[in-house]
Amino acid sequence: STEPGLLQTRDLQVFYGKVEALQAVNIQVDAGQIVTVIGPNGAGKSTMLNAIAGALPANGSLRGQILLSDKDLAGVAIETRVAQGMSLVPEKRELFASMKVEDNLLLGSYRRYQAGEKNYADQLPVVFDLFPRLKERRTQEAGTLSGGERQMLALGRALMAKPQLLMLDEPSLGLAPLIVKEIFHIIQRLKQTGVAILLVEQNARAALQVADYAYVLETGQIALQGLAAELANDQRVIDTYLGLA
Ligand code: ATP
């Protein structure tokens with residue numbers, strides 16, 4: 001498309017000290033799309049999401065551009081990026097274990113509250129509708145949730161910020177197959193709400209099934225890209241990432 005994407009990286013490079021973890025990565029996410037980045041362990045997938053979210057560790061530095069709705073995010077703080085419409089669900093989920101489910105969710109709307117939005121909590125019924133399990137357990141401490149419920153809570157908390165772009169780092173990691181299915185089903189439902197999703201996954205099969213467009217990241221570089229349905233039929237992708245099944 002000739003329209004600028006919602007999110008674009010231009011020659012994005014990330015260094016950890018002198019080590020180049022990302023090498024001139026160009027990706028684009030259009031409004032309302034699901035875009036997935038698949039690739040092996042250590043390819044730089046989390047690095048890419050953290051760079052976009054403004055959450056690189058202290059020893060990380062970047063070059064190149066990250067554009068959200070054509071505005072350069074260089075030097076923009078995490079909380080400003082959240083206010084501008086991006087929300088990251090990190091691989092480690094980072095919930096507050098001793099706080100109730102509902103309070104963890106409300107923390108996701110903290111920036112909106114701080115900005116003086118009166119309806120800062122307006123996504124709570126939406127989140128409870130997507131995740132009835134969280135509604136049932138609203139007063140339960142987050143630390144006592146199952147793995148799948150925790151992932152749901154992390155997703156729900158990100159949605160409380162009412163993002164335009166939701167970034168998910170390995171949402172299926174460590175979950176039982178049935179729960180993985182449920183999480184991917186929820187990702188599809190989220191798309192119907194209009195939010196764009198940038199999905200990093202090692203579960204290439206499931207990711208290519210829900211995504212519109214896909215990138216294969218290998219050792220810090222985009223090795224392949226295309227419509228998800230096309231990549232799912234690409235012999236190299238099949239051999240390397242989809243196995244024989
Ligand atoms: P995984 O699926 O295993 O999480 P990934 O594709 O997300 O892998 P990254 O976590 O982004 O990969 O790591 C990319 C490379 O950068 C790896 O070689 C990793 O060891 C290195 N790396 C990640 N974080 C740091 C850091 N803080 N300091 C130095 N090197 C790092």
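The values are calculated or read from the model by the stated rules, or taken from the named source; none is laboratory data. Source: prediction; values computed, not measured. Please note: Cβ atoms are built from the backbone with ideal geometry, for glycine as well, and neighbour counts cover all protein chains shown. We work out accessible area using only protein heavy atoms, side chains counted, and drop any ligands, DNA or RNA first. Shrake-Rupley method; radii C 1.70, N 1.55, O 1.52, S 1.80 Å.
For region 98-245, the spread of Cα coordinates along the three principal axes comes to 50, 31, 27 Å, biggest extent given first. Using the 1.4 Å probe convention, the accessible area of the chain works out to 48 Å² per residue with neighbouring protein chains retained. Nearest 5 percent is fine: what portion of the DSSP beta bridges confined to the chain is antiparallel? Around 55 percent of the beta bridges assigned by DSSP in the chain are antiparallel ones. In a DSSP loop and with at most 16 other Cβ atoms within 10 Å, the trypsin sites (Lys or Arg not before Pro) in region 17-87 are Lys18.
Between the amide H of Val89 and those of Met167, Leu168, Asp169, distances stay under 5 Å, these residues lying 5 or more places away or on another chain, with hydrogens modeled in the peptide plane. Using a probe of 1.4 Å on the protein chains alone, the accessible area found for Thr144 is around 80 Å². Divide the volume of the convex hull around the Cα atoms of region 134-210 by the residue count and you get 96 Å³ per residue. If you run the Gaussian network model on the chain, springs between alpha carbon atoms under 10 Å, then out of Gly75, Gly60, Gly17 the most flexible one is Gly75.
With springs connecting C-alpha atoms under 10 Å apart, model the chain as a Gaussian network and identify which of Gln28, Gln114, Gln65 has the largest mean-square fluctuation. With Cα springs under 10 Å in the chain, the top fluctuation among Gln28, Gln114, Gln65 is at Gln114.
In the context of the full protein assembly, Asp212 retains an accessible surface of approximately 50 Å², using a probe radius of 1.4 Å and ignoring ligands and nucleic acids.
Across region 8-161, Cα-Cα pairs farther apart than 28 Å form 28% of the total. Determine the calculated [θ] at 222 nm for the chain from helices alone, applying -39500 (n - 2.57) to every DSSP H run no shorter than 4 residues and normalising by the residue count; nearest 500 deg cm²/dmol. So the calculated ellipticity at 222 nm is -8500 deg cm²/dmol. Here the accessible area is traced with a 1.4 Å probe on the protein chains. For the chain, carbon and sulfur cover 50 percent of it. Amide H contacts under 5 Å for Ala223: Val216, Leu217, Glu218, restricted to partners 5 or more places along the chain or on a different chain, H placed in the peptide plane at 1.01 Å from N. Scalar couplings 3J(HN,Hα) for region 103-113, obtained by applying the Karplus form with A = 6.51, B = -1.76, C = 1.60 to θ = phi - 60°, are 6, 4, 5, 4, 4, x, 9, 4, 5, 5, 4 Hz; x denotes Gly and Pro.
Sparse packing (at most 16 other Cβ atoms within 10 Å of the Cβ) combined with a DSSP loop state is found for the following chymotrypsin sites (Phe, Trp or Tyr not before Pro) in region 44-140: Phe96.
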